[in-house]
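Below is one structure, written out as structure tokens; the observations come after it.
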Amino acid sequence: MTNEEKIKLLDKYIKESDNIVFFGGAGVSTESGLKDFRSKDGLYNEKYKYSPEKIISHSFFRNNPKEFYRFYIDKLNCLNIEPNICHKYLTKLENANKLKAIITQNIDGLHQKAGSKNVLELHGTVYENYCTKCNKKYPAEYIFNKKNIPTCSCGNIIKPSIVLYEEPLDENIIEETIKYIAKADLLIVAGTSLTVYPACSFIRFFQGKHLIIINKDLTPMDNIADLVINDKIGNVFSKLTDY
Ligand code: ZN
């Protein structure tokens, strides 16, 4: 099957379903122009002595908050990033009562910015930040406009509500994720390599009609998918019927 034919088939599956769940990874955001913070650029090696996985970890945040925030403010600022065609399409599907949930590994809030309501953020969001002592809440602007470690009016360090490496995922969100995937009849997985635990394990709860994987590269779950589309997400979503 050509990609064109596969996209037509996906369009048909979407038309037939009113119980769709979308599961998205970094690839959904990169097409909005957001750099995957793990990707290596020339500057990266000069600017940071540690790997992104090391910096965005719980122990690093505690032991080296200054360097953590230097990286965080530099690499994860998404305030001026806009939703792309994929985010917007999913919002329309939700409004048409066809899409039940969006499960995302991204922390940039772009689905909500596009107007989507039921978004499960497995790795948290940069839009919520709280004082590690008194719990006072702070908006993302407060963090990203700082040059140094953001501190609360009480004097203590503020932490973004994102799941750092070494930290567990929120159990309620895991439960909701599994519930939606297990009940869906069409599951669209996009922009994720499905190599990161536990993302890949969630997909195994799917027992509906069609599992679709849209990704530039191959994934280890391709063999259990009904349809694998190796294309840019924007290319695929721009060809689907509008709702
Ligand atoms: Zn405080």
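The values are calculated or read from the model by the stated rules, or taken from the named source; none is laboratory data. What you see is a predicted model, and the numbers here were worked out from it, not measured in a lab. Please note: Cβ atoms are built from the backbone with ideal geometry, for glycine as well, and neighbour counts cover all protein chains shown.
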Under the condition of being away from the ligand (no atom under 11 Å from the Cβ), β-branched (V, I, T) and assigned to a strand (DSSP E or B), which residue from segment 122-173 is farthest from L194 (Cα to Cα)? V126
If you scan segment 174-227, which residues turn out to be outside any strand (DSSP E or B), under 14 Å from T104 (Cα atoms) and among the small types (G, A, S)? G191, S193, A199
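Which of the following residues is touching a His at 6+ places or on another chain (Cβ under 8 Å) and not hydroxyl-bearing (S, T, Y): E128, E166? Explain how you work it out, then say what you get.
Working: E128 fails: touching a His at 6+ places or on another chain (Cβ under 8 Å).
Only one candidate qualifies: E166.
The rows are residues; the columns are (1) out of contact with any Phe, Trp or Tyr (no Cβ under 7 Å at 6 or more places or on another chain); (2) within 16 Å of G25 (Cα to Cα); (3) crowded, with 19+ Cβ neighbours inside 10 Å.
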residue	(1), (2), (3)
I55	no, no, yes
F60	no, no, yes
E67	yes, no, no
H87	yes, yes, yes
A114	yes, no, yes
S153	yes, no, no
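Being at pLDDT 95 or above and assigned to a loop (DSSP other than H, G, I, E, B): is that true of K117 here?
Details: at pLDDT 95 or above: yes; assigned to a loop (DSSP other than H, G, I, E, B): yes.
So K117 fits the description; yes.
Hey, among L194, L186, L227, L240, which residue is touching a Lys or Arg at 6+ places or on another chain (Cβ under 6 Å) and aliphatic (A, V, I, L, M)?
Numbers: L194 fails: touching a Lys or Arg at 6+ places or on another chain (Cβ under 6 Å); L186 fails: touching a Lys or Arg at 6+ places or on another chain (Cβ under 6 Å); L240 fails: touching a Lys or Arg at 6+ places or on another chain (Cβ under 6 Å).
Result of the check over L194, L186, L227, L240: L227.
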